[in-house]
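See below for the structure under consideration.
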Amino acid sequence: MKPEVLQLAAELSARGEPFVLATVVWRRAPSSGKEGATALITPDRKVRGWLGGACAEPTVVREALRALEEGTPRLLFLGSPEELEGHARDGVVTVPIACQSEGALEVYVEPVLPQPQIVAIGRSPAAIALASLASGLGWRSVLMEDDREIGDEIDDRSYIVVATQGHFDEDALERALATPAAYVGLVASRKRAEAVLGYLRDRGVADEALARVHAPAGLDLGHVATDEIAVAILAEIVQMRGAGTLESGLVAQTPARHEEIDPVCAMTVDVADARYRTVHDGRTYYFCSAGCLESFESDPARYVTVAP
């Protein structure tokens, strides 16, 4: 993998942006893709790196976006229609390549989705321990000493935990509820939590919003040290994720695609990126390559009659 692809992957991960890594794991000449070649593909279809020629790359991009939407990796086999059956097996997506090239590729496509983000608010031992433990899980972790630091970085993959130990619970909780965070928790005793929620209700915060608050935050682990409360909170969040109640935002959304079939080779063509096109009898046809366009224009009737 080229250093610039690695660097971009690290930058996107740090910003919590989704992407796909596509790696050529096998090739048959004369394919221009090489074993070990890796490209990074973003939801806007931009490709950094090199995978292969004009037929292979658009196909990999299309499957990469599907992998991103579904959140699951896959192995692609790109080859002639005649050899697809021989490569069909569990976990393999076979894609016909019917252009002039006689090469073939296997490409492993791996979506990289943003990790959850823990936002711990406060200077308490619980807040510090929570931020540290979340980092150990590979999650994005932010420790805020002041609730006024809450900004646009909060999204529906964020889990906010207010752990000021009474210093400014009310203000921090109200700010947290104004965000789209998937989880909002308050570290407090049950009596203290009821008082905070009652105060916010009197200030006009809607009951629907207050119902989002997990208070006291975390699973009941009995009497634990203050910093060990972080373990209980993470356990509750992991439990909720396992039950599927915190899935919002964990699968990337990609822009809608308009695809057409190349009438010459039957390849799928992304209309937004189609370089080769022509109009025949009032209809626009899209092509994967200049060769397919030339073949169509030399005898349109041959292909229009069999076009899907």
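Which condition number in (1) within 30 Å of the chain's Cα centre (by Cα); (2) among the β-branched types (V, I, T); (3) open to solvent by 30 Å² or more (accessible area, probe 1.4 Å) is the one that V269 fails?
It fails just one condition, (3).
Select from the range 151-180 the residues that are of a type in the set (A, V, I, L, M) and open to solvent by 40 Å² or more (accessible area, probe 1.4 Å) and list them in ascending order.
A178
Please work out which one of (1) over 20 Å from S31 (Cα atoms); (2) not in a helix (DSSP H, G or I); (3) not polar (S, T, N, Q) is the condition L75 fails and give its number.
The number of the failed condition is (1).
Can you tell which of V205, V161 is out of contact with any Ser or Thr (no Cβ under 6 Å at 6 or more places or on another chain), part of a strand (DSSP E or B) and not polar (S, T, N, Q)?
Of V205, V161, the one residue that is out of contact with any Ser or Thr (no Cβ under 6 Å at 6 or more places or on another chain), part of a strand (DSSP E or B) and not polar (S, T, N, Q) is V161.
Taking the condition of being touching a helix residue (DSSP H, G or I) at 6+ places or on another chain (Cβ under 9 Å), part of a loop (DSSP other than H, G, I, E, B) and closer than 18 Å to S124 by Cβ, how many residues in the range 171-199 meet it?
Qualifying residue count, the range 171-199: 2.
Do the conditions hold for A67, that is, is it of a type in the set (G, A, S), in contact with a helix residue (DSSP H, G or I) (Cβ under 8 Å, 6 or more places away or on another chain) and modelled with pLDDT of 90 or more?
So A67 does not fit the description; no.
To keep it simple, each residue is scored yes or no on (1) surrounded by fewer than 22 Cβ atoms within 10 Å (Cβ to Cβ); (2) of a type in the set (S, T, Y); (3) within 22 Å of D273 (Cα to Cα).
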site	(1), (2), (3)
E4	yes, no, no
A9	yes, no, no
S13	yes, yes, no
R27	yes, no, no
T38	yes, yes, yes
T42	yes, yes, yes
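In the range 133-150, what count of residues is obtained for those that are touching a strand residue (DSSP E or B) at 6+ places or on another chain (Cβ under 6 Å) and assigned to a loop (DSSP other than H, G, I, E, B)?
Going through the range 133-150 one residue at a time, the tally reaches 1.
Can you say whether E153 is of a type in the set (D, E, K, R) and assigned to a helix (DSSP H, G or I), as far as the supplied structure shows?
Considered against the rule, which asks whether it is of a type in the set (D, E, K, R) and assigned to a helix (DSSP H, G or I), E153 comes out as no.
Looking only at the range 18-31, filter to residues that are at pLDDT below 90 and touching a Ser or Thr at 6+ places or on another chain (Cβ under 8 Å); which one of those is nearest to E259 (Cα to Cα)?
S31
Q100 - would you say it is open to solvent by 70 Å² or more (accessible area, probe 1.4 Å), modelled with pLDDT under 90, in contact with a strand residue (DSSP E or B) (Cβ under 6 Å, 6 or more places away or on another chain) and not acidic (D, E)?
In short, no.
Quick check on the range 112-125. Is at least one of its residues free of Cβ contacts under 8 Å to residues at least 40 places away in the same chain and under 21 Å from R212 (Cβ atoms)?
Checked against the condition, which is being free of Cβ contacts under 8 Å to residues at least 40 places away in the same chain and under 21 Å from R212 (Cβ atoms), the range 112-125 yields no hits at all.
Residues being assigned to a loop (DSSP other than H, G, I, E, B) and free of Cβ contacts under 8 Å to residues at least 60 places away in the same chain: count how many of those fall in the range 33-72.
Qualifying residue count, the range 33-72: 11.
All but one of (1) within 19 Å of A272 (Cβ to Cβ); (2) surrounded by 13 or more Cβ atoms within 10 Å (Cβ to Cβ); (3) modelled with pLDDT of 85 or more hold for A54; state the number of the condition that does not hold.
(3)
The values are calculated or read from the model by the stated rules, or taken from the named source; none is laboratory data. This is a predicted model, so every value here is computed, not measured. Neighbour counts are summed over all protein chains in view; Cβ atoms, including those assigned to glycine, are modelled from backbone coordinates with ideal geometry. Surface areas here come from the heavy atoms of the whole protein model, side chains and all, with no ligands, DNA or RNA. Shrake-Rupley method; radii C 1.70, N 1.55, O 1.52, S 1.80 Å.
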